[in-house]
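FYI, it's all coordinate maths here, none of it is from the lab. Bear in mind that the values here come from a model prediction, so they are computed numbers and not experimental data. Every residue, glycine as well, gets a Cβ built from its backbone with ideal geometry; the counts of neighbours run over all protein chains shown.
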Amino acid sequence: MAVCLAACLTGLACHAQVRLGGTITGIQDGSYLPGANLILEKTGKNAVSDENGSFLIQNIHPGTYTLRVSFMGYATVKMMLVLQRDTDVLIRMEPSAILGEEVNVTATRAQVKYPVAYTDITASQLQPMNLGKDMPYLIQNTPSTVVTSDAGTGIGYTGINIRGTDLTRINVTINGIPLNDPESQGVWFVDLPDIASSSDNIQIQRGVGTSTNGAGAFGASINIQTTKLNPDPYGELDVSGGSYNTIKSTLRFGTGLLPDHLSFDGRFSYLHSDGYIDRAFSNLSSWYLSGGYYGRKTTFRLILFSGTEKTYQAWGGVPKDSLETNRRFNPMGMYYDQNGQVQYYNNQTDNYVQTHFQAIFSQQLMKGWDLNLAAYYTKGSGYYESYEQNAPLSGYGLPDVIMGGDTVTTTNLVNRKWLDNDMYGFTFSSNYKHDEKFNLILGGAGYLYSGDSYGKVIWAQFASTSNNSWNWYDGKGIKKDFDVFGKINYTLWKMLTLFADLQYRYVNYKLSGTLEDLRTLDQVHTFNFFNPKLGLSFAFNNHHQAYFSFAVGNREPSRDNYKDADTNRIPSPERLYDYELGYTAKYKWFTANANVFYMNYSNQLVLTGQINSVGEAIMVNVPHSYRIGIEISAGMDIIKQLHLDLAATISRNKIRDFTQYIDEYDTAGNFKGQQSTYLGKTDLSFSPDIVLNGTLTYKPIKNLAVSWNSRYIGRQYIDNTSNRERSLNDYFVNGLGASYSVHPRWMKEIAFNLTVNNILSAKYESNAWVYPYLQGGTYYESNGYFPQAPVNYLLGVSLKI
């Protein structure tokens, strides 16, 4: 019965739609070209050729199309195809008169036959969704991914977890250049608003992945490649808007390839949103400029991009007891005036500017061998401003104020906490490919980072001895990072390929100066990390492939880990042993991937409730913790014009031996100490056991696509105690998307895009924090939850010339 049903579905799919397949070879020697990128223009469909140069694009409506094929070192091929039935083509590519930009990201990316779990996303896939939401929301449909938004709309401060690991443990690069902040190790995409509009493609690797530059990949890596050479001049204006006064405008332009092999591209973007949470507005702007020389064997590009953000602080969340009465309540900036009335400080904002300068040089030394060099400089500067009521003068290192016979010990004030940092670095790689059996990559990077953290009081009701040029704290961090790696991919025979990837990383980190609580921080830490990765892949035939890999990742503690800890409890670096077993099946109407992972941590840093000498929570090393699970993704043609994509992750994420610590106070509020409880095996926080995602796409007519997306996220624990009272309920969220394009003679394209998010207005929270404590023997807690917006929409139009 099941076999008959499958056969019927297959027949229907093939009858209603057609598929395009074929082989890609070099024109000179006829050798297969694996890893070539194919895009069926104006459809969003793409493919990558396998080790035999074969490719397959399915679920195509009959019609006339343009197929674009690109491969490093070869001239891009564009061919017009009239597809009325299943079609196979032979594409023979000539060596390029222009060296492609792909060579500079090859060293840090997974390629064909690599035993790595990864997902590739193209610009054409991003565009229909790119109506204002931050980058994490544009890639949330990838396996094992959970996203959150402080403002509740996906605009402003957003976060992403992949396999339960957040952006402080995810390596992010742009054009192979590190993006993670060296001290916090985090990435804030709000600092680079609308970077998606300057992204050509993105690769997401899960697990340790392949060696990359910058912060260690301790759960995933995200590799972004910016706009590549477009040989033709172009201009594009994108305007979108929707709920909560959201508006986004983007202007993109390019000269195409000019005489003397030059090309220039640019983008300017502006974005505003009020946010779902009270006063959680975002005012964002950014720009991107690049200019390059493109020769047959040489490419040199200068790339500059920058982002400016001003957002009202919403990172405090909504108290749990307000979720039923006022889900939009934002306590940030709240104070009481002289009449006891609640007021809000109107400039309780975060302000930051981040600018990137990149110079990238690529040279083909000989056939199959290229050299890539890059130099970069990243400048970041900004502050967040806060109103504080009844602040103790002693907390700012200030003497009490004597007024007549009275002594004033507290004051209302406004402070600014500043970050001012500079990062200078370089990357290098050399790729050597000998026929289709042997590929060698040597690469590495280094940087010098200098970061200043300081605080200023810009207004005080009782100023004591302070003035506007005075810093109540002033700290500095200097970090040096250098890594070198080598990767070998070798095919023993047609079916079996071996992979080895060895990386050495050196880190020197020096901290000095004073902290916000007036403690002195003077420390120096040096690390030497060795990160080996080994694996193999086995191709049973053109339809089935399996792989296995083992990798080691090391991660140094962050600035917060060091500054929060007492000097007698310095945190140790973390280590991850990552085992991956994968399987892929590809057919005309059906593709599926399954990946089993076991991530075994040694000395993972987690919150246990322990505090330092001044009562602040610290992260401590737990000896043993792990993540084990299976990721499954599939795509299939169901019936005529109907396609289904599915992704599912089922996992267990545990700390083996966990002890909880909780603060204890007497009835008068005086601190007594900490109470400890051994809990044994517990769940890692923010690591749902189930993550499900499905998208059903219907294409009733040419150039119109309507999709329905559903996401289910299982229960997430807010801390590491497995206490259901301190957890986020599971949630099920649905969304609707639609895109339609026309191609008039006087314009290349006019496209209309619509997204309706949380269309069923599910009530859910995607993130939270909690501080439990005992007072007089009774349990209490402070907390903050992050509700997400009910049904909301974004509508956009794109004009391309």
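A few notes on this one:
- Relative packing of 147-157, 663-673, 239-249, which averages over residues the other C-beta atoms within 10 Å, highest first: 147-157, 239-249, 663-673
- Within the chain, helix-based [θ] at 222 nm, where runs of 4 or more DSSP H residues each add -39,500 (n - 2.57), nearest 500: -1000 deg cm²/dmol
- Cα-Cα pairs of the chain separated by more than 55 Å (percent): 10 percent
- Cβ-derived FRET efficiency at R0 60 Å, Phe538 paired with Ile611, nearest 0.05: 0.70
- Pair Asp88, Leu442: separation of 7 Å Cα→Cβ label points (nm): 4.2 nm
- Cα-projected label distance for Gln523 with Leu323, points at 7 Å along beta-carbon direction, nm: 3.4 nm
- Projecting the Cα positions of Val614, Leu696, Tyr665 onto the charge dipole of segment 578-702 (unit charges on Cβ atoms of Lys, Arg, Asp and Glu, taken about the Cα centre) puts Leu696 furthest along the positive direction.
- Residue-span extension gain [Lys640 to Val48] - 0.36 nm each, minus C-alpha spacing: 210.7 nm
- About the Cα centre, charge dipole magnitude for segment 379-426 (Lys/Arg +1, Asp/Glu -1 at Cβ), debye: 160 debye
- Degrees, to the nearest 10: 2-16 long Cα axis against longest axis of the chain: 70 degrees
- Residues of segment 626-667 with amide N under 15 Å of the 7 Å Cα→Cβ point at Tyr779: 660-664
- Around the Cα centre of segment 210-280, unit charges on the Cβ atoms of Lys, Arg, Asp and Glu (plus for the first two, minus for the last two) sum to a dipole of about 160 debye.
- Potential extension, Asp232-Asn412 segment - 0.36 nm per residue separation minus Cα distance: 58.8 nm
- Cβ-derived FRET efficiency at R0 35 Å, Asp337 paired with Leu696, nearest 0.05: 0.05
- Selection from Tyr506, Leu646, Ile27, by position along the positive dipole direction of the chain (Cβ): Ile27
- Pairs of Cα atoms nearer than 8 Å and 6+ residues apart set the relative contact order; for the chain it is 10 percent.
- Counted residue by residue at 0.36 nm each, then reduced by the alpha carbon distance between them, the extension gain from Ile488 to Ala668 reaches 58.2 nm.
- For the pair Asp420 and Asp260, a Förster radius of 35 Å applied to the C-beta separation gives a FRET efficiency near 0.30, rounded to the nearest 0.05.
- Karplus-derived 3J(HN,Hα) values for segment 785-801, using 6.51 cos²θ - 1.76 cosθ + 1.60 with θ = phi - 60°, are 10, 10, x, 9, 5, x, 3, 8, 9, 9, 10, x, 10, 10, 10, 10, 10 Hz; glycine and proline are entered as x.
- The lysines whose alpha-carbon is closer than 16 Å to the alpha-carbon of Lys437, local same-chain residues fewer than 8 away aside, are Lys113, Lys367, Lys487, Lys494.
- Mean Cβ count within 10 Å, highest first, over the residues of peptides 285-291, 183-189, 162-168, 460-466: 162-168, 183-189, 285-291, 460-466
- Partners for Lys681 among lysines (Cα-Cα distance below 24 Å; same-chain residues under 8 apart left out): Lys654
- For the chain, the dipole from Cβ point charges (+1 on Lys and Arg, -1 on Asp and Glu) about the Cα centre works out to 2480 debye, to the nearest 20.
- Within straight-line cross-link reach of Lys379, lysines at Cα separation under 22 Å, skipping those fewer than 8 residues along the same chain: Lys310, Lys417, Lys456, Lys476, Lys479, Lys480, Lys510
- For segment 201-298: rounded, prolate or oblate by the Cα gyration tensor [a/c cutoff 1.5]: oblate
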